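> First the structure, which I've put down as structure tokens, then a few questions once you've had a look.
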Amino acid sequence: MIPEKRVYLKPHSFRAEVPMENQSNSSFKRARTEQAREQRRNVILDAARSTFFEKGYQNTTIKEITDRAGLSIGTFYLYFEDKVDVYKCVLLEGIVLLENHLRQAVSESGVDSSTEKLRIVARAYLEFYRQNPEYFDIIAVLNLTEEELRENRSRISREIDRKARDVLKFVQAVVREGILRREFPISDSGAAATGLWAILDGILVLFHRRNLTLLKQDLDKLAANSIDYFIEGMKASPNQPQAS
């Protein structure tokens, strides 16, 4: 009698029987790991933001950030290169919030006049400052040198530049609309938008440093008058209107 031949499954043969389950488990674990990493990064970012707001950039240390986050200094360096890197992340966050605030203010106003839209932009910027004075200190880049801000042309530095340009492009679009509507007989919407923003930035920096009190100037009146003077200057321009 011929003995019955037995077949034994090798371990790898058994694993091959359930590839989809293993793939699913692997994807799930990877997703959980990525989610955990993102949560840990956000904890560090939240701690950094709060510490920067309270103590400023110069007086903040990485140890203070990690102590606040309840994590080790080694963990910090898994997510950020240094203090400048995490500061830039908060800076980018502030620029995005500012742009959204300006766009929402103009959108919700329902006005058609480009002149009035520029006034709304100015008021919205002042409102953003009052609601987020700590962010303004960071957005105005009062604590970083030019070299630190654009160090190594990192991804975050490029993103900051891009979002800052988006804010100016939004203001420029309002000016260009005014040119097309023949409200502003000027030829360079980019220069006009940059000039307008420089006025607002300058006024807010003066106010932030308490210089307006010394000069006995009211923030709202000074901003409103300055924008009106600028707008009247555009309207009085002898240049032919072009949508540049």
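The values are calculated or read from the model by the stated rules, or taken from the named source; none is laboratory data. Predicted, not measured: the structure shown is a model, and the values here were computed from it. Cβ atoms come from the backbone with ideal geometry, glycine included; neighbour counts cover every protein chain shown.
> Got a sec? Which helices (runs of 4 or more DSSP H) wholly within region 63-133 have at least 1 residues that are of a type in the set (Ser, Thr, Tyr) and under 24 Å from residue 182 (Cβ atoms)? Quick ask: steps written out before the conclusion?
Values: elements: 73-79, 83-109, 114-131.
Once the helices (runs of 4 or more DSSP H) in region 63-133 are filtered for at least 1 residues that are of a type in the set (Ser, Thr, Tyr) and under 24 Å from residue 182 (Cβ atoms), what remains is 83-109, 114-131.
> Let me ask something additional. Of everything in region 167-216, what is in contact (Cβ under 8 Å) with a residue 24 or more places away in the chain and on the phi > 0 side of the Ramachandran plot? Give them in sequence order.
182
> Restricted to region 58-74, and to residues that are among the hydroxyl-bearing types (Ser, Thr, Tyr) and surrounded by 17 or more Cβ atoms within 10 Å (Cβ to Cβ), which residue is nearest to residue 47 (Cα to Cα)?
Checking each candidate, the answer is 66.
> Filter region 55-107 down to the residues that are at pLDDT below 95 and among the acidic types (Asp, Glu) and list them by number.
Residues satisfying the conditions are 81, 82, 85.
> Related question: Residues that are aliphatic (A, V, I, L, M) and closer than 19 Å to residue 114 by Cα: list the helices (runs of 4 or more DSSP H) wholly contained in region 164-239 that include at least 2 such residues.
So the answer is 189-208, 219-235.
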